[in-house]
Amino acid sequence: KLTSLALQPAITPELVHGRVHLKCSYSRPSAKPPLQYLVVWSRLSTPGKKEQIQRDTTPQSFSYVEMNGRNLGLGDTVFCTVTAFSRDASEQQSLPEESKGFYAGIKFLPETLQIAEDGKEHVLTILSTVPIACPGQDDPCKITLQLSTEDLDRQLPGPPNIALSACQVDLLRAPCAESSCAAAAVTVTAVTDFAQDGNRVSRIRAETVGRRDLLWRAYTPKDVKVTVRDLPTGNCYSFTDPHIITFDGWRYDNYKIGTFLLCRSTSRAFEVHVRQWDCGGHRSATACNCGVAAR
């Protein structure tokens with residue numbers, strides 16, 4: 001007779017003798033005679049298709065599988081399915097219950113970014129869902145990631161679409177909590193290019209460096225897609241004796257000699273000073289730009 005026992009299997013990562021394992025835990029109902037459990041481990045091989053990697057029969061309320069980089073590696077989404085049956089009558093089984101998928105590897109939060117050319121910094125969190133082992137005495141308990149950016153829609157050479165606050169980050173081992181066993185953060189900013197070139201798409205890539213163990217050496221995390229929204233550019237002018245046109249199109253003249261504040265931002269540390277000097281001679285009082293300083 002098939003019954004549901006509410007086993008509620010769940011997968012958590014764990015280091016066992018310095019090696020990365022996944023543990024499938026489930027609640028054990030009080031039953032007489034005692035129950036046995038069939039635990040089937042599987043991984044997502046293609047979207048919607050699972051591949052079995054291990055079967056365990058155990059009286060315990062847990063089962064382990066090792067992440068060895070061969071049949072189960074980083075980047076895999078893993079499931080465990082548990083069926084309970086009586087030791088005396090193996091044909092009396094419960095309904096199989098499947099855990100939620102556990103993604104083993106590096107995660108970026110958010111997974112995609114929508115930003116604009118407005119100078120704002122956007123925090124990108126990088127975390128490992130599995131614990132970081134210390135393979136040897138000379139190997140630190142960390143994963144070093146080399147970060148790079150690539151513009152996917154650039155036809156001609158020019159400035160990059162995005163800038164990162166760091167080119168390299170270290171994920172230091174920490175106690176696993178809330179799907180994170182190590183974490184770091186970088187900021188992403190859109191590069192203001194003063195060109196009306198539409199919305200553009202870039203990606204952030206991460207590569208592990210300096211690891212000798214098979215598990216991390218053969219692993220490349222997924223890219224992060226970043227869409228940069230184009231914002232219109234404003235222009236202002238000061239020319240000849242000086243005629244001035246402001247950002248909003250207002251026009252006036254400034255014939256005076258001296259140093260003047262030409263432009264100042266109200267939202268960031270940006271301003272332009274201009275120095276004007278006599279260039280009109282004896283007949284007319286005229287000044288011209290002779291120096292500029294920008295911060």
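The values are calculated or read from the model by the stated rules, or taken from the named source; none is laboratory data. No experiment lies behind these values; they were computed from the predicted model shown. All Cβ positions, even for glycine, are placed from backbone atoms using ideal geometry, and neighbour counts span all protein chains on display. Heads up: the accessible areas ignore ligands, DNA and RNA and are worked out on the full protein's heavy atoms, side chains in. Shrake-Rupley method; radii C 1.70, N 1.55, O 1.52, S 1.80 Å.
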Filter pass, ILE132 being in a loop (DSSP other than H, G, I, E, B) and either touching a helix residue (DSSP H, G or I) at 6+ places or on another chain (Cβ under 9 Å) or of a type in the set (Phe, Trp, Tyr) (or both):
yes
Yes/no for PHE62 being among the aromatic types (Phe, Trp, Tyr), more than 30 Å from THR192 (Cβ to Cβ) and open to solvent by 40 Å² or more (accessible area, probe 1.4 Å):
yes
I'd like to check which strands (runs of 3 or more DSSP E) are fully inside segment 1-118 and have at least 3 residues that are out of contact with any Leu (no Cβ under 6 Å at 6 or more places or on another chain) and in contact (Cβ under 8 Å) with a residue 60 or more places away in the chain.
10-16, 19-25, 77-86, 112-116
Residues of segment 192-213 satisfying the condition of being more than 13 Å from the chain's Cα centre (by Cα), closer than 30 Å to LEU72 by Cα and either β-branched (Val, Ile, Thr) or open to solvent by less than 70 Å² (accessible area, probe 1.4 Å) (or both):
THR208, VAL209, ARG211, ASP213
Out of contact with any helix residue (DSSP H, G or I) (no Cβ under 6 Å at 6 or more places or on another chain), assigned by the TED database to the domain that holds PRO157 and without any contact (Cβ under 8 Å) to a residue 12 or more places away in the chain: which single residue out of PRO175, PRO221 fits that description?
PRO175
Of these, TYR237, TYR219, which one is of a type in the set (Phe, Trp, Tyr) and open to solvent by less than 30 Å² (accessible area, probe 1.4 Å)?
TYR219
Kindly establish whether ALA183 is under 30 Å from ASN68 (Cβ atoms), at pLDDT 85 or above, open to solvent by less than 50 Å² (accessible area, probe 1.4 Å) and assigned to a strand (DSSP E or B).
no
Kindly indicate whether THR266 is surrounded by 10 or more Cβ atoms within 10 Å (Cβ to Cβ), out of contact with any strand residue (DSSP E or B) (no Cβ under 9 Å at 6 or more places or on another chain) and assigned to a loop (DSSP other than H, G, I, E, B).
no
What are the residues in segment 248-263 that are open to solvent by less than 70 Å² (accessible area, probe 1.4 Å) and either under 17 Å from TYR237 (Cβ atoms) or of a type in the set (Asp, Glu) (or both), if any?
GLY249, ASN254, PHE260, LEU262, CYS263
Can you say whether VAL209 is aliphatic (A, V, I, L, M), in contact (Cβ under 8 Å) with a residue 12 or more places away in the chain and under 21 Å from ILE143 (Cα atoms), as far as the supplied structure shows?
yes
